[in-house]
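Below you'll find the structure, written out as structure tokens, and then a few comments.
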Amino acid sequence: MADEEDKKPSKEAGGENSLNIRIRDQTGEETFFKVKKTTKLDKVFNAYSQRKGVNATSLRFLFDGQRVRGDQTPQDIDMDDGDQLDCMLEQQGGR
């Protein structure tokens, strides 16, 4: 039990500035990224779109149902380690 308490602070101290996030697309496929809390999410969005072979401007990203802009950081939107961004293809029209 004492070992568990000793490991927790060191684990947090080592990963204080970075976190693992996942992006889940409409089909349920998940892609994982390790980013710093101060990294602009635009960098993640571009990397994701390159991996998927899709134009980054045709994708929309949501966190807890709210649209996320590329100029925001995980720190700005209060993301924690293991949080998920939802990725949607932009829809055109509506008639």
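Computed from the coordinates by the stated procedures, all read-outs in this text should not be read as laboratory data. Being a predicted model, the structure only gives us computed values, none of them experimental. Quick reminder, even Gly has a Cβ in these numbers, built from the backbone with ideal geometry, and neighbours come from all protein chains shown.
The H on the amide N of Gly70, modeled in the peptide plane, is under 5 Å from the matching H of no residue at least 5 residues off or on a different chain. Highest mean packing comes first when the peptides 16-26, 51-61 are listed by Cβ atoms within 10 Å, giving 16-26, 51-61. The Lys36 and Met88 beta-carbon pair, evaluated with R₀ = 25 Å, returns a calculated FRET efficiency of approximately 0.50. Rounded to the nearest Hz, the phi-derived 3J(HN,Hα) couplings of segment 64-76 under the Karplus curve 6.51 cos²θ - 1.76 cosθ + 1.60 (θ = phi - 60°) are 6, x, 9, 5, 10, 8, x, 7, 8, 10, x, 5, 4, where x marks glycine and proline. Ranked by the mean number of other Cβ atoms within 10 Å per residue, highest first, peptides 34-44, 82-92 order as 34-44, 82-92.
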